[in-house]
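The structure appears below as structure tokens.
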DNA sequence: TATGAATGAGTGTTCATTCAT
DNA sequence: TATGAATGAACACTCATTCAT
């Protein structure tokens, strides 16, 4: 009987290796040879577990989204049930000092760009894209009129993505950048919440 | 007897072809053969005018930045000299219905991601990145205290980039998307301007 | 405690699976993975029972030849003992409507071509090749002079192989093709038999 | 300006190299690396001139058929206009001592087998297959009733193919084999022609 | 100035084979 | 006896680059 349970172990191993390599050399130069070497396995194994390279990349993207989702759940659960605190939890999840690293930031952007020409990835991206907007708007609706809630949701979602995007280019230390990003988001959020018509 | 002025003609021709091809198939599949075919020239010509493929990509990036810069100049000149109108001009330049097309959006993002692993491109990106922030902050300083001007500048720059980013994934008609983006920016700008301490 | 008789069962199972797969995708694409899947066993089993892939192919070829041989025996036994009827039995064995299927035809040809570059297969092919000729000539000698018997044997052997060969390309229904082949053989046989010098 | 007229030269060069390699190691082992080495060029050149390996194999098959066709034309033109001589010309073309070599024989069979699973090749094969039959039948109709002409056509076509097939396995010297093949065909042809109802 | 023929290293992928279980 | 995980060489194919013309 062959070893069992290898599937999951190897898949995690390969996904991590892929993200590491993409971070190091970029997607264009992330060959299977490099990835396999990083994972300490042979090249043939990829087809065994992921079918082909696209299968591997798909799995990587899902992993990234899953990581973000879990971070979101973690922060959401700890937040008190006010719109402001719930939205702050979303912000915190996106700029979590503990779990956000340069590789994560870069890989995220790389996949965003890649998804423009890969239908599978595009679908995954769009789902996540809309989720951020919905989550924000759902909370905002509790204190703002519909129209304003939508505008605020769009603004905050774009603000979060844009700050993330700009962080990728930033030469400053990551921790500082994350703190600054959270701060800017908080302030911008406050502005929108204060715009509520005081009855 | 060499033809005069061919250099510039060919360069423009090749840059446009490159952007078209990148839009169509993505950077990964944008081979010189495809680009040359699109431009209606032979493959060998690229080395003649750009040295190698990286030289061509550099030139493409400069072109994109130049286009944006010219759009910015155009809108800036027509704006009345109030901080709000000057900032609106920046917003308008970034979401100009006339000059912003899907190819431009996509190529922009592609180059952003690519720059993460190419020093030449990274330098260009950072310059542009900082310019947007400085331009915004310079105007905001006229009506907001330093600290707040910086926060507002960060927020608006990220908001613009984030909206652009999200537009690339959006399945909605571009014109609608651009109008919505401008509107969200205007509203967010208004919030920051109103946050000024009334003396 | 090893199961008794598994060897023979597995071997038959794998040989049949191989022939099926070769018929479906051709020899070039008949991978062990595909064959194992078709047989409902694991890939590793092949080395266990046949050593390697060549061993399996050898066994397949022997099976094909054995099938033909058994068909020949069957028809020969039922034929009355005249040269004409014995030769007709050979013809019938080669174009037996009951046992000849498209897969059998195709696989036969595939192995013929393959044998040109595999000594093991070549040996098997030649034995069979000569047997057809000898069987025919042996009967023909009973009614024709030596020289003519040889010529007729050559002609009929080639006719049978050629008709089989052409059947593989034919788009017409197999049953029709087989009947036509038998008919043409019978007629050609009659011509040779009638060429006997009437003493 | 690049060298002109290279296309045709290289194509011939590569087709010949391919046939040589197939003859030597079989189709399964005829890698592009081997073919390129045989032709004295680089591997990349194949895609340049034939698109891919299948394109090259197609071209090889066309070449083989063209060679046979030209041999046929040659012999046909020199034959006097009697059915017997015209048919003998066909036979001679198929067993021409000057132009028929072991490589040609083997490659022919290899392509026949390969065509069973490649639609492009199958189409080419069938055209040729039918042509042999039509050419024979057309002549036979001049001296035999329709039904008999068809039967004789089928028989002679199959006889030619079958003799060719059996030649591929034969260990005897080729020239002897070819002579024997012609002789058997002639005799068999004579039998059919004599079967004509004497008016 | 411009061509496109030619190269050859590099890629993703396939696959027979091995082997620990 | 049987599995399927794992290997790594071999493969077809791509492509930036070079260069004779």
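When each copy gets a label point 7 Å from Cα toward the beta-carbon at residue D:62, what are the spacings between them in nm, shortest first?
4.5, 4.5, 4.6
With the label 7 angstrom out along Cα to Cβ, how close does residue C:29 come to the same site in each of the other copies, in nm, nearest first?
2.2, 2.4, 3.8
Please check: in the Gaussian network model of chain D (C-alpha springs, under 10 Å), which one of D:147, D:100, D:12 has the largest mean-square fluctuation.
Answer for the Gaussian network model of chain D: D:147.
Answer rounded, prolate or oblate for segment D:100-172, using the Cα gyration tensor with square roots of eigenvalues a ≥ b ≥ c: rounded when a/c is under 1.5, else prolate when a/b is larger than b/c, else oblate. Mind dumping the intermediate values first?
Numbers: a/c = 2.99, a/b = 1.55, b/c = 1.93.
Verdict is oblate for segment D:100-172.
Which semi-axis lengths, in whole Å and largest first, follow from the square roots of five times the eigenvalues of the Cα gyration tensor of the protein assembly as shown?
Values: eigenvalues 1215, 202, 90 Å².
Semi-axes, largest first: 78, 32, 21 Å.
Averaged over its residues, how many other protein chain Cβ atoms are within 10 Å of peptide D:17-24's Cβ atoms?
1
When chain B is treated as a GNM, springs tying every alpha-carbon pair under 10 Å, which of B:106, B:37, B:86 comes out with the largest mean-square fluctuation?
Taking springs between Cα atoms under 10 Å, the residue moving most is B:37.
So what are the radius of gyration and Dmax for the Cα set of segment A:31-74, in Å?
12.7, 37
Which value in Å is the Kirkwood Rh of chain B over different Cα pairs? Walk me through the numbers before you get to the answer.
On the way: mean 1/r = 0.0543 Å⁻¹.
Taking every pair of different Cα atoms in chain B, averaging 1/r and inverting gives 18.4 Å.
Going by the rotation axis that takes chain D to chain B, pick out the residue of D with the closest C-beta and quote the gap in whole Å.
D:44, 4
Which of these, C:145, C:103, C:171, has the largest mean-square fluctuation under a Gaussian network model of chain C (Cα springs below 10 Å)?
The residue that fluctuates most here is C:171.
Could you tell me the calculated FRET efficiency between residue A:85 and residue C:33, based on Cβ-Cβ distance and R0 = 51 angstrom, to the nearest 0.05? Please report the intermediate quantities before stating the final value.
On the way: r = 55 Å, r/R0 = 1.08.
That gives a FRET efficiency of 0.40.
Put a dot 7 Å past each Cα toward the Cβ at residue A:130 and residue D:131; how far apart are the dots in nm?
If labels sit at residue D:131 and residue A:130, their model points lie 5.9 nm apart.
Segment D:51-136: Rg/Rh from Cα coordinates, Kirkwood Rh? Please report the intermediate quantities before stating the final value.
On the way: Rg = 14.0 Å, Rh = 13.8 Å.
Reported Rg/Rh (Cα atoms, Kirkwood Rh): 1.02.
So for segment D:1-51, averaging the separation of alpha carbon pairs under 8 Å that are six or more residues apart and normalising by length, what relative contact order in percent results? All intermediate terms of the calculation are to be shown ahead of the outcome.
Details: 29 pairs, mean separation 17.9, N = 51.
Dividing the mean separation by the residue count of segment D:1-51 yields 35 percent.
Set the Förster distance to 45 Å, then compute FRET efficiency between residue C:69 and residue A:43 from the Cβ-Cβ distance, nearest 0.05.
Working: r = 46 Å, r/R0 = 1.03.
Using R0 = 45 Å, I get an efficiency of 0.45.
Taking Cα centroids, how far is segment C:110-148 from segment A:75-149 in Å?
Centre-to-centre (Cα) distance: 76 Å.
Could you work out the pair-distance distribution P(r) of segment C:1-110 from its alpha-carbon pairs, with 10 angstrom bin width and percents rounded to whole numbers?
Final binned percentages: 14, 38, 26, 16, 6, 0.
Pairs of alpha-carbon atoms within less than 8 angstrom and 6+ residues apart define the contacts here; what relative contact order does chain B have, in percent? Could the numbers behind the result be given before it?
Numbers: 154 pairs, mean separation 37.6, N = 199.
Relative contact order here is 19 percent.
Looking only at other chains, what is the average number of their beta-carbon atoms within 10 angstrom of each beta-carbon in B:120-129?
Values: counts 0, 0, 3, 0, 0, 2, 3, 0, 1, 5.
Across the residues of B:120-129, the mean count of other-chain Cβ atoms within 10 Å is 1.
Could you give, in nm with one decimal, how far residue D:40 is from each other copy of that position, shortest first, with labels 7 Å out from Cα toward Cβ?
So the label point of residue D:40 gives 4.1, 5.1, 5.8 nm to the other copies.
Measure nothing but the geometry: give the 0 to 90° angle between the long axis through the Cα atoms of B:119-140 and the longest principal axis through the Cα atoms of chain B, rounded to 10°.
20
Residue separation times 0.36 nm, minus the C-alpha to C-alpha distance between residue D:147 and residue D:174: what's the value? Write out the running numbers ahead of the final one.
Numbers: separation 27, 0.36 × 27 = 9.72 nm, distance 3.53 nm.
Taking 0.36 nm per residue and subtracting the Cα distance, the gain is 6.2 nm.
Hey, what number do you get for the protein assembly as shown at 222 nm if only DSSP H runs of n ≥ 4 count, each worth -39500 (n - 2.57), divided across all residues, to the nearest 500?
That comes out to -26000 deg cm²/dmol.
Using a/c under 1.5 as the rounded threshold, could you call segment A:1-51 rounded, prolate or oblate? The axes a ≥ b ≥ c are square roots of the C-alpha gyration tensor eigenvalues, and prolate needs a/b larger than b/c, oblate otherwise. Write down the numbers at each step before the final one.
Details: a/c = 2.63, a/b = 2.10, b/c = 1.25.
Prolate is the answer for segment A:1-51, as a/c is 1.5 or above and a/b outweighs b/c.
FYI, it's all coordinate maths here, none of it is from the lab. Being a predicted model, the structure only gives us computed values, none of them experimental. Cβ: placed from backbone, ideal geometry, glycine included. Neighbour counts: every protein chain shown.
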